[in-house]
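Input: a single structure, listed below in structure tokens.
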Amino acid sequence: MQTLYPDMLHEYMVQRIKAVSQERVERLEKIKTRRQAEQYCLSASRKIRSCFSPFPKKTPLNIQIIKEQIYDGYTLQNILFESRPGYLVSGNFYIPEGNTKFPVVLGCCGHSAEGKAAPAYQSFCQGLAKQGYLVLITDPVSQGERWQFEDGLEGKTWLGKNSVVEHNYIGKIQRLNGEFFGTWRVWDKIRALDVLLKHPRADKSRVGVTGISGGGTLSSYLTALDDRITMAAPGCYITTFLHNIENTLPTDAEQVPPGILKRGLDMIDFILARVPKPVLLLGEQHDFFDPRGLEQAYQEANRIYKLLGAEKNIELFVGPNGHGYSREGREAMYKFFNKQLGIKACTDEEKLRVRPVKPEKLFAAPNGDVNKAGLKKVWQFNAELATELKAKKKKLSKKELVQTLEKLLKLPKCKGICRYRSSQCQRLDDKKYKVQTHYIVETEPGIKAVLARFCKQRPADVHVLQPPKELDLHIPHLFSSDELAKIKSDEAWFVEPRGIGSSCPQSLDGYDFFNPYGLDYMYAATADMLGEVLYGQRVYDVLCVIDLLVDRGVTKIHLHGYGQSAPLAVMVKLLHPAVKTVTLRGGPKSYYSLTQRPLTSWPTSMMIPDILKFVDLDLF
């Protein structure tokens, strides 16, 4: 198992995002007038909305107040409601003492297993309620009372209660149906805001949102997407996409809006989309969401706010801690919201007597599990949508299939015959193949596909590529050396596209390619944000290598695809006339079949966005 270019894909993505980020900075620097600032913000708002898959129609909320408890300074209500028909959301109302109209705050949880019951989230809800705010906080899917995969991955229990892992399992399957998990997350919160504003004590003119981490993400999204929000305090999320990729930080399935980088946007644009709405940007000095990026984002936003005469409406607070909603951050949020609303109240949590209660006090569902209250799970929605799409598919001609596939893969045309170079022969310990040679094919600047040749002994034509006229070409599941035992011929040829085999990334704590939160996921998600498809780029690499082989005299290619590369082989067969046959080993039967079960271990990069709207593997 040899990795020649472990950093190739990472550095390629870094350079791509650097270029996009620099173009955006240059656009911002050209903004000199109020009118230009307004036009930029309006454009950002339109672009952000286009990154989110369409929201569904609003349906009855079916709100249930399960339990009510009185505490020092507030009343706690445990509630259930349906953000979609049959899709339960568990939450807590924190209702201040008094009979007047209260300003309201929607609380957004970060990625904690306890969800709304996490001490930090209970604390800010209590703190706000004791200062006279009506607060609603809800469990995100796969947190608190809303776990989706209690049986683990395909019978294994290692999945545990890990919210980001569950989110990424959900998100990668939703891609096949053309959905974005972030849209589901935002919709839950839009419906939660509906619940909050239905409360008879809610002042609909004073509406705040706050949260940290995943809650900071949703607070930022809601600021841009819901006009009812009048002030926001998102935390431990906003930095820059460039800092995230440079720091090798895989963010979560809801944090990677498709096409957002292609549209020239960055995280702070979620705030700029609603200037001059008052916003406090929260961060922590030792957060893994790089505070340097947060400072850059604040400076960009502050300049736009100034041009619009609203510089007093944006503030930055960076606490001394690590990732999380620290007491310092919570108290900074209280002061900011109070200042915006002209409220004079104590913001010291100790003096307010903020005291988190046991999680079971907050349960709205039986034993704290919405599955026992009739929850319809996300994967069931996915399965139903995939079945609906399957019934609507039209039979396509070969020409239409090719055009559809090229569009889905966002496939560029190969730009002539690629240059190649060869490596020195390397000796192997394999029982059959004793020598390996690599032909390095540059398919685009910064990307090298590898044509690997395995022989019994050193061939005479090492440096010059001289393949046989009829060639069996193999695409490995992961590493070419893993497949050698399955091959009977005296010589074996493999093509390894980007991120596979010789360029398989090697970092992130003993990287596991199939980890739903690993590097392959991160690069697939990054490609999505750039408006590209990583699997399509791998198809492109293979097509370029085949073009080179044809140029070197090959007339017939028999293609073999293993595991995750089996769909790739099927696609290449459709797209390249030199491929006469295709043999598949161990790949999925169809993409549709992956949607009909709760979980799949196939990697995110294999899930082609939107594919089930048009075609499936069995149609190629």
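The values are calculated or read from the model by the stated rules, or taken from the named source; none is laboratory data. Quick caveat, the model's predicted, so the values are computed rather than measured. With ideal geometry, Cβ positions are generated from the backbone for all residues, glycine too; neighbour counts draw on all protein chains shown. In case anyone asks, the SASA skips ligands and DNA or RNA and just uses the protein heavy atoms, side chains included. Shrake-Rupley method; radii C 1.70, N 1.55, O 1.52, S 1.80 Å.
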Item to check | Fraction of accessible area attributable to carbon and sulfur, the chain (%, probe 1.4 Å) | outcome: 51
Checklist entry - What is the pair-distance distribution P(r) of the range 116-246, computed from all Cα-Cα distances in 5 Å bins starting at 0, with each bin given as a whole percent? => result 2, 9, 16, 21, 20, 15, 10, 6, 2, 0
Checklist entry - How big is the chain on each of its three principal axes, counting only the C-alpha atoms and giving the largest first in Å? => result 89, 56, 46
Next on the checklist: Leaving out ligands and nucleic acids, and using a 1.4 Å probe, what accessible area per residue does the chain come to in Å²?
Outcome noted: 40
Next on the checklist: Can you tell me the orientation of helix 398-409 relative to the chain, as the angle in degrees between its alpha-carbon axis and the longest Cα principal axis, to the nearest 10?
Outcome noted: 50
Next on the checklist: Using square roots of five times the C-alpha gyration tensor eigenvalues, list the equivalent-ellipsoid semi-axes of the range 379-536 in whole Å, biggest first.
Outcome noted: 34, 20, 18
Item to check | Positive-end residue of ILE557, TYR334, THR387, charge dipole of the chain with Cβ unit charges | outcome: THR387
Checklist entry - Out of every Cα pair in the range 513-620, what percent are spaced more than 16 Å from each other? => result 62
Checklist outcome for this item: Put LYS434, LYS351 in order of accessible area, largest first, probe 1.4 Å, and you get LYS351, LYS434
Checklist outcome for this item: Heavy-atom accessible area with a 1.4 angstrom probe orders THR604, THR248, most exposed first, as THR248, THR604
Checklist outcome for this item: Relative to the chain, whose Cα atoms define the longest principal axis, helix 378-392 and its Cα axis are tilted in degrees, nearest 10, by 50
Item to check | Label-point separation, LYS372 to LYS32 (7 Å along Cα→Cβ), nm | outcome: 6.7
Checklist entry - To the nearest 500 deg cm²/dmol, what mean residue ellipticity at 222 nm is calculated for the chain from DSSP H runs of n ≥ 4 alone, each contributing -39,500 (n - 2.57), summed and divided by the residues? => result -10500 deg cm²/dmol
Checklist outcome for this item: extent check for the range 235-320: Cα max minus min per principal axis, descending, whole Å, gives 37, 34, 18
Next on the checklist: Using only Cα atoms and rounding to the nearest 10 degrees, what angle (0 to 90) does helix 291-307 make with the longest principal axis of the chain?
Outcome noted: 60
Checklist entry - Where a ≥ b ≥ c are the square roots of the eigenvalues of the C-alpha gyration tensor, would you call the range 254-410 rounded, which needs a/c under 1.5, or, failing that, prolate if a/b is larger than b/c, or oblate? => result oblate
Next on the checklist: If you restrict to DSSP beta bridges whose two residues both lie in the range 82-224, what percentage is antiparallel, to the nearest 5?
Outcome noted: 40
Checklist entry - To two decimal places, what compactness ratio does the range 1-55 give when its Cα radius of gyration is scaled by 2.2 N^0.38 Å? => result 1.74
Checklist entry - Between GLU388 and ARG427, how many nm apart are label points set 7 Å from Cα along the C-beta direction? => result 6.3
Checklist entry - Largest first, how would VAL25, VAL435 line up by accessible area (1.4 Å probe)? => result VAL25, VAL435
Next on the checklist: Compute the orientation-averaged projected area for the range 428-473 from the convex hull of its Cα atoms and round it to one decimal in nm².
Outcome noted: 4.2
Next on the checklist: Let me spell out the model: positive unit charges on the Cβ of Lys and Arg, negative unit charges on the Cβ of Asp and Glu, origin at the Cα centre of the chain. What dipole size does that give, in debye rounded to 20?
Outcome noted: 1700
Checklist entry - Separation of the range 219-289 and the range 104-119 by C-alpha centroid, Å? => result 18
Checklist entry - If you place +1 on the Cβ of every Lys and Arg and -1 on the Cβ of every Asp and Glu, how big does the dipole about the Cα centre of the range 233-335 come out, in debye to the nearest 20? => result 440
Next on the checklist: Nothing charged except the Cβ atoms of Lys and Arg (+1) and of Asp and Glu (-1): what's the magnitude of the dipole of the range 481-620 about its Cα centre? Round to the nearest 20 debye.
Outcome noted: 520
Item to check | Descending principal axes extents, the range 1-156, alpha-carbon based, whole Å | outcome: 59, 57, 33
Checklist entry - Between ASP551 and HIS286, what FRET efficiency follows from the Cβ-Cβ distance if R0 is 51 Å, with the result rounded to 0.05? => result 0.40
Next on the checklist: Using the Kirkwood radius over C-alpha pairs as Rh, can you work out the diffusion coefficient of the range 382-439 via Stokes-Einstein at 25 °C, viscosity 0.890 mPa s, in µm² per second?
Outcome noted: 148
Checklist entry - By DSSP, what percent of the beta bridges with both residues in the chain are antiparallel, rounded to the nearest 5? => result 50
